[in-house]
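**Q** Below you will find the structure I want to go over with you.
The values are calculated or read from the model by the stated rules, or taken from the named source; none is laboratory data. Just so we're clear, the structure is a prediction, and the values are computed from it rather than from any experiment. Positions of Cβ are backbone-derived with ideal geometry, glycine not excepted, and every protein chain shown enters the neighbour counts.
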Amino acid sequence: MNISDVIKQTISLSAFIVVGGLGIASIIASNGNNGGDLSTLLFTSDRDGNKEIYRMLSDGSSQTRLTKNKSMDSFAKWSPDRKKIVFESRRDGNSEIYIMDSDGGNQANLTNNPAKDGSAVWSPDGTQIAFVSNRDGNENIYIMNADGSGQTQITHNVDSDHQPAWSPDGKRLAFSSGRDSNVWTIWIKDLPSGNLTQITQSPLSTFSPAWSPDGTEIAFITSFSTDPEPPSELRKIKSDGSTTQHTILASNVSSLYAPVWSTIESASVPSRILYVGFTQDIGKSDIYVINADGSNKVNLTQNDHSEGGPVWGPLGYYVAFVSMRHGNPEIYRIKAADGSESIRLTNNSALDISLEWQ
Ligand SMILES: [Ca+2]
Ligand SMILES: [Ca+2]
Ligand SMILES: [Ca+2]
Ligand SMILES: [Ca+2]
């Protein structure tokens with residue numbers, strides 16, 4: 001796996017930005033303070049011979065394998081109540097969406113279809129899962145109940161639709177699509193009415209939609225050419241389709257990846273977005289955090305190595321990510337405000353990737 005794969009492999013995390021109020025309250029209660037973030041991370045490692053899903057406490061202790069089979073298991077996502085985990089597995093010969101209990105029990109195939117099924121994201125209330133499948137000949141967005149019943153096709157066209165992202169109220173699904181002039185543009189499906197709204201327009205290529213916590217805005221990546229590592233910007237736009245006006249938040253000479261909007265904001269904690277910036281001519285990527293108004297951009301990983309796959313801790317105090325500073329992917333945790341309090345969470349020569357925390 002090269003670094004490009006490492007920094008891209010959590011791109012779908014941009015969808016996973018919602019934590020229920022109950023979940024936050026219970027985490028605060030169990031920690032006793034706001035800076036602890038002493039909850040459980042999920043990740044993927046091949047330390048036991050092939051890709052399996054593991055869990056660990058956020059200080060790196062209690063690393064436990066949850067899957068055990070010879071095929072790929074990865075892309076684990078907590079249910080909003082943290083009692084279930086959806087993930088992708090190829091144990092049945094093709095990509096399927098599986099579900100299991102938080103301790104790895106009761107593993108079940110939800111999709112059970114010979115096509116590729118992946119990119120699963122929980123609805124904010126935990127009753128449904130959106131996913132991408134090519135079962136009808138090309139990539140479309142589908143929704144199913146959390147037990148796999150009621151599988152319903154949400155997008156219908158011959159071009160690719162991917163990166164589904166639930167609005168915080170669970171009523172809308174943002175996604176990126178290749179249907180407008182074969183460049184990526186962002187669309188929103190209103191689920192109760194079925195109405196479809198095009199949010200960004202060609203010829204600009206825009207993708208990786210990430211909802212603001214209040215649902216009024218979408219952050220996304222804009223890419224200015226078809227180069228492998230084109231100049232890119234982090235932008236945002238209103239989610240109601242009322243304007244085509246973008247706000248530019250950050251620019252980069254090469255690709256940007258994986259915007260993740262924090263669910264945590266208050267009078268003392270501004271709304272913030274995490275993302276990855278890659279610099280082609282030095283072959284290195286870093287984790288950045290920026291206020292959602294474009295102010296106070298901070299490079300959290302100023303060193304000579306590549307980092308990617310950032311995720312927010314549940315309380316917005318810490319960030320976890322994958323670092324290549326030891327020559328193989330290892331998971332680190334740092335303070336979101338300034339990159340201090342750095343702690344190495346994994347320590348082995350295998351892959352440790354595909355983080356999930358909130
Ligand atoms: Ca496996
Ligand atoms: Ca399948
Ligand atoms: Ca399609
Ligand atoms: Ca490792």
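**Q** Name the residues in the stretch 114-153 that are among the aliphatic types (A, V, I, L, M) and more than 15 Å from ILE85 (Cβ to Cβ), would you?
**A** ALA115, ALA130, VAL132, ILE141, ILE143, MET144
**Q** So which residues in the stretch 64-81 are more than 16 Å from ligand 1 (Cβ to nearest atom) and touching a strand residue (DSSP E or B) at 6+ places or on another chain (Cβ under 8 Å)?
**A** LYS77, TRP78, SER79, PRO80 - these are the residues of the stretch 64-81 that are more than 16 Å from ligand 1 (Cβ to nearest atom) and touching a strand residue (DSSP E or B) at 6+ places or on another chain (Cβ under 8 Å).
**Q** Also, quick follow-up: Quick check: is even one residue across the stretch 331-341 more than 16 Å from ligand 3 (Cβ to nearest atom), under 20 Å from ALA76 (Cβ atoms), in contact with a Lys or Arg (Cβ under 8 Å, 6 or more places away or on another chain) and of a type in the set (Asp, Glu)?
**A** No, every residue in the stretch 331-341 fails to be more than 16 Å from ligand 3 (Cβ to nearest atom), under 20 Å from ALA76 (Cβ atoms), in contact with a Lys or Arg (Cβ under 8 Å, 6 or more places away or on another chain) and of a type in the set (Asp, Glu).
**Q** Still on this structure: Where the second residue is within 16 Å of ligand 1 (Cβ to nearest atom) and of a type in the set (D, E, K, R) and the first is within 16 Å of THR301 (Cα to Cα) and lies in the stretch 326-349, which pairs have Cβ atoms under 7 Å and are six or more apart or on separate chains?
**A** The qualifying pairs are PRO329/ASP352; GLU330/ASP352; ILE331/ASP352.
**Q** Of the residues in the stretch 285-299, how many are without any contact (Cβ under 8 Å) to a residue 60 or more places away in the chain and either in a loop (DSSP other than H, G, I, E, B) or of a type outside the set (A, V, I, L, M, F, W, C) (or both)?
**A** 9
**Q** How about the stretch 48-66: which of its residues are part of a strand (DSSP E or B) and either modelled with pLDDT under 95 or of a type outside the set (Lys, Arg) (or both)?
**A** The answer is GLU52, ILE53, TYR54, MET56, LEU57, THR64.
**Q** Then there's this: Take the stretch 89-121 and flag every residue that is at positive phi and either within 13 Å of ligand 1 (Cβ to nearest atom) or of a type in the set (A, V, I, L, M) (or both).
**A** Selection gives GLY104 alone.
**Q** Any chance the stretch 121-128 includes a residue that's farther than 12 Å from GLU88 by Cβ, crowded, with 21+ Cβ neighbours inside 10 Å and among the hydroxyl-bearing types (Ser, Thr, Tyr)?
**A** Yes, some residue in the stretch 121-128 is farther than 12 Å from GLU88 by Cβ, crowded, with 21+ Cβ neighbours inside 10 Å and among the hydroxyl-bearing types (Ser, Thr, Tyr).
**Q** Could you check the stretch 117-157 and list, in sequence order, the residues that are more than 16 Å from ligand 2 (Cβ to nearest atom), of a type in the set (D, E, K, R) and in contact with a Ser or Thr (Cβ under 7 Å, 6 or more places away or on another chain)?
**A** Selection gives nothing.
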